[in-house]
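*Asks:* What follows is a structure written as structure tokens; I'll ask about it next.
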Amino acid sequence: MRIALVGQPNCGKSTIFNYVAGYKAITSNFPGKTVTYSLSKVNFQGITSEIVDLPGTYSLTSFDLAELETRRYLLREKIDVVINVIDASLLSRGLELTLQILELNLPTVICLNMIDEAEAKGIIIDVDRLSQLLKVPVVTAVAHKGRGINQLFETAFQMGQNPIRGKIFTFSKDVELVIEELRKHLEEKKYAQKFQVTERFLATKLLENDQHFIDEIKKIDTKFIKKVKDYQQQLEEYRARTSDVVISSERHHLAMDIYESVVTLAKPRVEIRNYLDNIFMHPVLGYISLAIVLYLFFHFVFYIGELVEEPLLAFFYQFLPYLEEKLNNNSLIFYIASGMVQGLAGGIAIVLPYLVPFLLGLAFLEDTGYLPRIAFLMDTFLHRIGLHGKAIIPLILGYGCTVPAVMATRILESERDRFISSILTTMIPCAARITIIFGLVAFYLGPEAALLVYVLNIIVVAFSGKILSRLLPEVTPGMIMEIPAYHIPSLKVLLAKVWLRMKEFIMVAWPLLIAGSIFLSLLKYWHLETFINKLISPITLLLGLPIAVGVTLIFGILRKELSMIMLVQALEVTDISTVMSATQIMTFTIFVLFYVPCVATIAVLIKEIGAKKTVFTILFTFFIAICLATATRLVY
Amino acid sequence: MVANLADVTPGSKVRVVEIRGGLGIRQRLSCLGIHPGDLMIVQASGIMRGPVLVSIHDNKVALGRGVASKILVEVIN
């Protein structure tokens, strides 16, 4: 049995999915973080089923890529049961999507999630009445506490065995008349079968000016599109409004009617969080609090990292003299063993101490719902570099890992905005590069120097944005973004999220670190690294770095943190400050910060923006890295 | 009094009169529950021509200045 979770952004689909499938999909408190569907085979209450978590969609009319993906999945794949998740505190708006889902004529169960939030807002919902009106089962839930999920899936399984289709609501008579006429024409042409939808659904979407369906039909039958335009015009004459507004207003009214007949309003509960935005989104206090939040965040990561890094490094490096003693330090086995120790130490002592608190802090900010507030505050500045507020979300996620951040650019509407923010995202120091900034710059040159790197980075990103939007002049469509209510994050979810992101490091990066370390040891053993270093010497010479650093830059393309860990090994010291001056450490960090995205990022860039633009990104970032690092050498 | 949303002072209650601009903007606004005839409250306005924050149907929505200036509203009080 295949069950699909469908609903508007931020209504808790992924939370429900994670509850039954284990923590697999990243959840956060901002609309649109699920950009691609995840699928999981689940054995729940003794029944094996396939559960699909689809990206949130406000409506079934196509606009952004994530929404298009959901619709495509709903129309093309075989689905036994649709679970329509509604944020109960936003019931009237959620019902607009529900009406469209019912038109698809699939067996549907409605889940009123966050029912506690609705009650806090004073929205009391008569669940039985709603179920009678829509003619489908309605289950209430509080997904993040696991409440109601069992009953939801029991209901869904029953629905799968005895499918019921809900009521299809009709619009006002004059509008229905036009839909019916168009429907008859569609019946003749059999286009609805082609898209696997009902004729009524297709007719409504065509009247709504749905770009996807119109373009598809235009390819085969331009005459028919002329007919569609005639009907659109007919609607416009009836109502003196454009046809898309006519249909969406009709749906809006239907939803409001249902809402009014099932809801009784009570006095909303007084809560502190209702007043938080008076500070966090205030034109002045908002920016002050943003600065404080970022300052605390930075210090939290640095403090914990520093506390752990030194003792751990000392612990690992005590093995090296021991190895030297036991093994002949010219033997192959010594090279392999010391490479392994270096790789292990790099992973545990340098990367983890900063990565864990960083990911924890980021998860906290995501789940409270603070990120959209940052987007609001930054909108005016992002406009100056040709983007809009929402673009800040991929940029902030970029501080975690560039790969999901590039995917998150899908929340932007225009292709150009996605391209520009993808490039900028690759220049944001991801967790791997953060460990370089902390482990190298903060550790040897002090936290102020690290802060300087961050500030410089933001300035460079802003300038690059400005340059890119000059190269690609186009007016950005402007921000339209929901600001969700604040939530207190659950520790369990925070830890699960940190673990999910850490797993990637442990499973992929760490083995690579150790293998890379051993590989570098072997290169040294056979004296091959001098050859590679010679090849890269034009760069190292230009930047005034030790020649031996060259080979680490190659490793950095595989994984960014490799370049720092390899540095220790390439220079054959444990304390880098003995062989590199402050200027050299800074120059190296600046170069590594910007040059060429890592392999995983390149792969996702090719998928998201295409090969040509990816090549441009690589050249662009490399050029910036060379210029800035050279400048650092001369100035710092 | 009819004005565009970008010029309304925070704290005002307004009714949407008309949404100008193309199909894309109309559809995206309608998805967030903003249609002609709806009531909203202007909550805040960003500095330096920043975005406008409105609350509509128990929900908060941030609208960029450009978007807000395409929404014609009638100020109720």
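The values are calculated or read from the model by the stated rules, or taken from the named source; none is laboratory data. Computed from a predicted model, the values in this text were never measured in an experiment. Here the Cβ positions follow ideal geometry from the backbone for every residue, glycine too, while neighbour counts run over all protein chains shown. For accessibility, only protein heavy atoms count, side chains too; no ligands or nucleic acids. Shrake-Rupley method; radii C 1.70, N 1.55, O 1.52, S 1.80 Å.
*Asks:* Between A:Leu541 and A:Asp257, what is the label-to-label distance in nm when each label sits 7 Å out along the Cα-to-Cβ direction?
*Replies:* In this crude label model, A:Leu541 to A:Asp257 measures out at 8.1 nm.
*Asks:* Compute, for A:Ser28, the solvent-accessible surface of its heavy atoms (probe 1.4 Å) with the complete set of protein chains present, and express it in square angstrom to the nearest 10.
*Replies:* Around 20 Å² of this residue is reachable by solvent.
*Asks:* List the residues of region A:38-85 that lose 50 Å² or more of accessible area once all protein chains are present, compared with their chain alone (1.4 Å probe, heavy atoms only, no ligands or nucleic acids).
*Replies:* Residues passing the criterion (a loss of at least 50 Å², heavy atoms only) are A:Phe63.
*Asks:* Nothing charged except the Cβ atoms of Lys and Arg (+1) and of Asp and Glu (-1): what's the magnitude of the dipole of region A:173-265 about its Cα centre? Round to the nearest 20 debye.
*Replies:* 440 debye
*Asks:* Further, regarding this structure: How much accessible surface does B:His57 have with a 1.4 Å probe, in Å² rounded to 10?
*Replies:* About 50 Å², ignoring ligands and nucleic acids.
*Asks:* Let me ask you something else. Can you give me the % of accessible surface on region A:168-223 that is carbon or sulfur? Probe 1.4 Å, all protein chains present, nothing else counted.
*Replies:* The computed percentage sits at 50.
*Asks:* Can you check what the net charge comes to around A:Cys598, using other residues whose Cβ is under 10 Å from the Cβ of A:Cys598 (Lys, Arg +1; Asp, Glu -1)?
*Replies:* Neighbour charge sum, excluding A:Cys598 itself: +2.
*Asks:* Using only protein heavy atoms and a 1.4 angstrom probe, determine the accessible area buried between B and A, summed over both sides, in Å² to the nearest 100.
*Replies:* Buried: approximately 3000 Å² between A and B.
*Asks:* Here is the link list: A:Lys219/A:Lys612; A:Lys189/A:Lys226; A:Lys194/A:Lys219. Which ones come out longer than 21 Å on Cα distance?
*Replies:* A:Lys219/A:Lys612
*Asks:* Can you tell me the orientation of helix A:285-317 relative to chain A, as the angle in degrees between its alpha-carbon axis and the longest Cα principal axis, to the nearest 10?
*Replies:* 50 degrees
*Asks:* What fraction of the DSSP beta bridges in the protein assembly as shown is antiparallel, stated in percent and rounded to the nearest 5?
*Replies:* The answer is about 65 percent antiparallel.
*Asks:* Which sequence of A:Arg384, A:Arg129, A:Arg93 reflects their accessible areas, 1.4 Å probe, from the largest down?
*Replies:* Accessible-area ranking of A:Arg384, A:Arg129, A:Arg93, largest first: A:Arg384, A:Arg129, A:Arg93.
*Asks:* I've got another one for you. Could you pull the Rg and Dmax for the protein assembly as shown, using just the Cα atoms, both in Å?
*Replies:* Calculated on Cα positions, Rg and Dmax stand at 28.1, 92 Å.
*Asks:* Can you give me the relative contact order of chain A as a percent, contacts being Cα pairs under 8 Å and 6 or more apart?
*Replies:* 12 percent
*Asks:* Still on this model: Given axes a ≥ b ≥ c from the Cα gyration tensor, I'd like to know whether region A:467-519 is rounded (a/c under 1.5), prolate (a/b larger than b/c) or oblate.
*Replies:* The shape class here is oblate.
*Asks:* Under a cut-off of 19 Å between alpha-carbon atoms, report the aspartates and glutamates in cross-link reach of A:Lys497, not counting same-chain residues fewer than 8 places apart.
*Replies:* Straight-line reach from A:Lys497, under 19 Å: A:Asp53, A:Glu366, A:Asp367.
*Asks:* A follow-up question, please. Would you tell me the mean number of C-beta atoms belonging to other protein chains that fall within 10 Å of each C-beta in A:246-253, as a whole number?
*Replies:* For this peptide, the per-residue mean of nearby foreign Cβ atoms is 3.
*Asks:* Using the Cα centre of region A:325-427 as the reference point, and only Cβ charges (+1 on K/R, -1 on D/E), how large is the resulting charge dipole? Debye, rounded to the nearest 20.
*Replies:* Result for region A:325-427 is approximately 120 debye, rounded to the nearest 20.
*Asks:* Just the accessible area per residue of region A:146-260, please: how many Å² with a 1.4 Å probe?
*Replies:* Heavy-atom accessible area per residue stands at 51 Å².
*Asks:* Please give the net charge around A:Ile547, taking every other residue with its beta carbon less than 11 angstrom from that of A:Ile547, where Lys and Arg add +1 and Asp and Glu add -1.
*Replies:* Net local charge, A:Ile547 excluded: 0.
*Asks:* Using a Förster radius of 35 Å, what is the FRET efficiency between A:Leu522 and A:Lys612 based on their Cβ-Cβ separation? Nearest 0.05, please.
*Replies:* Once rounded, the FRET efficiency stands at 0.45.
*Asks:* Note the full-extension length gain between A:Asp174 and A:Glu119 as 0.36 nm times their separation in residues minus their Cα-Cα distance, in nm to one decimal.
*Replies:* Result for the pair: 16.0 nm of gain on full extension.
*Asks:* Does anyone have the angle between helix A:65-76 and the longest principal axis of chain A? Alpha-carbon axes, 0 to 90°, nearest 10?
*Replies:* 50 degrees
*Asks:* Separate question: Please give the FRET efficiency for A:Lys229 paired with A:Gln193, using the beta carbon to beta carbon distance and R0 = 35 Å, rounded to the nearest 0.05.
*Replies:* Calculated value: 0.95.
*Asks:* Ignoring everything but the protein chains, give the 1.4 Å probe accessible area of A:Met256 in square angstrom, nearest 10.
*Replies:* 40 Å²
*Asks:* How much area per residue is accessible in region A:322-473 when the probe is 1.4 Å and only protein heavy atoms are counted (Å²)?
*Replies:* Dividing the accessible area of region A:322-473 by its residue count gives 31 Å².
*Asks:* Along the charge dipole of region A:532-636, pointing to its positive end and built from +1/-1 on Cβ of Lys, Arg, Asp and Glu, which listed residue (A:Gly550, A:Ala603, A:Pro538) has its Cα farthest out?
*Replies:* A:Ala603
*Asks:* How do A:Phe157, A:Phe63 stack up against each other in accessible area, from largest to smallest, with a 1.4 angstrom probe?
*Replies:* A:Phe63, A:Phe157
*Asks:* Report the full-extension gain for the segment A:Phe315 to A:Phe531: residue separation times 0.36 nm, less the Cα-Cα distance, to one decimal in nm.
*Replies:* Full-extension gain reported as 74.4 nm.
*Asks:* Let me ask something additional. Which entries in A:Lys167/A:Lys205; A:Lys173/B:Lys70; A:Lys227/A:Lys613; A:Lys135/A:Lys390 show an alpha-carbon gap greater than 29 Å?
*Replies:* A:Lys173/B:Lys70; A:Lys227/A:Lys613; A:Lys135/A:Lys390
*Asks:* Show me the three semi-axes of the equivalent ellipsoid for region A:2-161, from the C-alpha gyration tensor (sqrt of 5 times each eigenvalue), largest first, rounded to whole Å.
*Replies:* For region A:2-161, the ellipsoid semi-axes come out as 20, 18, 17 Å.
*Asks:* Here's another thing I want to ask about it. Which FRET efficiency value, to the nearest 0.05, do you get for B:Leu72 and A:His212 by plugging their Cβ-Cβ distance into 1/(1 + (r/R0)^6) with R0 = 25 Å?
*Replies:* Efficiency at R0 = 25 Å is approximately 0.25.
*Asks:* With the cut-off at 1.5 for a/c, could you classify region A:285-635 from its C-alpha gyration tensor as rounded, prolate or oblate?
*Replies:* prolate
*Asks:* On the accessible surface of region A:1-76, probed at 1.4 Å, how many percent belong to carbon and sulfur atoms?
*Replies:* So the carbon and sulfur contribution to the accessible surface is 49 percent.
*Asks:* How well do other chains shield peptide A:371-384, expressed as the mean number of their Cβ atoms within 10 Å of each residue Cβ?
*Replies:* Average neighbour count from other chains, rounded to a whole number: 4.
*Asks:* When a/c reaches 1.5 or more, the comparison of a/b and b/c decides; with that in mind, is region A:459-557 rounded, prolate or oblate per its Cα gyration tensor?
*Replies:* Since a/c reaches 1.5 but b/c is at least a/b, the shape of region A:459-557 is classed as oblate.
*Asks:* How much net charge surrounds A:Ile436 when only the other residues with a Cβ under 12 Å from the Cβ of A:Ile436 are counted, with Lys and Arg +1 and Asp and Glu -1?
*Replies:* Summing Lys and Arg as +1 and Asp and Glu as -1 gives +2.
*Asks:* Got a sec? What order do A:Tyr58, A:Tyr525, A:Tyr275, A:Tyr636 fall in by accessible area at 1.4 Å, biggest, i.e. largest, first?
*Replies:* I get A:Tyr275, A:Tyr636, A:Tyr525, A:Tyr58, largest accessible area first.
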